[in-house]
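Presented below is the structure to which this report refers.
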Amino acid sequence: MLVSMPVRKEGRSWVYCPICTHTVEAPVIWVGKKAMVKPGEKCPRCKALLDAGRVLRDRAAAA
Ligand SMILES: [Zn+2]
């Protein structure tokens, strides 16, 4: 058996939106230890695509 695909996990996390400079909750995809915004997701505040947003770590959101 061959295992080559990294583990992909979907979840929700805090994403910093550079357009409206707010932190919003959005669906993210985890690939290994790296999280990225699910493609095509939009900011609930300003409706901009969150592809360029930064995913923040859950526990660092309050820091
Ligand atoms: Zn926004």
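The values are calculated or read from the model by the stated rules, or taken from the named source; none is laboratory data. Everything numeric here is computed off the predicted structure, so don't read it as measured data. Ideal geometry is used to build each Cβ from the backbone, glycine not excepted, and the neighbour counts take in all protein chains shown.
Tally time: how many residues in region 19-49 are near the ligand (Cβ under 8 Å from one of its atoms) and under 13 Å from the mean Cα position of the chain (by Cα)? Explain how you work it out, then say what you get.
We begin by selecting, within region 19-49, every residue near the ligand (Cβ under 8 Å from one of its atoms); these are 19-22, 24, 43-48.
When the remaining residues are screened for being under 13 Å from the mean Cα position of the chain (by Cα), the result is 24, 43.
Count: 2.
Scan region 52-63 for residues that are over 14 Å from His22 (Cβ atoms) and either modelled with pLDDT of 95 or more or surrounded by 15 or more Cβ atoms within 10 Å (Cβ to Cβ) (or both) and jot them down.
Within region 52-63, Val55 is the sole residue that qualifies.
Which ones in region 13-51 are of a type in the set (Lys, Arg), surrounded by 14 or more Cβ atoms within 10 Å (Cβ to Cβ) and in a strand (DSSP E or B)?
If the condition is that a residue be of a type in the set (Lys, Arg), surrounded by 14 or more Cβ atoms within 10 Å (Cβ to Cβ) and in a strand (DSSP E or B), then Lys42 is the only one that fits.
Quick one: what pairs do we get from region 4-19, first residue at pLDDT 90 or above, second part of a loop (DSSP other than H, G, I, E, B) and within 16 Å of the ligand (Cβ to nearest atom), C-beta under 6 Å, 6+ apart or different chains?
Close Cβ pairs (under 6 Å, with a partner that is part of a loop (DSSP other than H, G, I, E, B) and within 16 Å of the ligand (Cβ to nearest atom)) amount to Trp14/Ala61; Val15/Gly53; Tyr16/Gly53; Cys17/Cys43; Cys17/Gly53; Ile19/Cys46; Ile19/Ala48.
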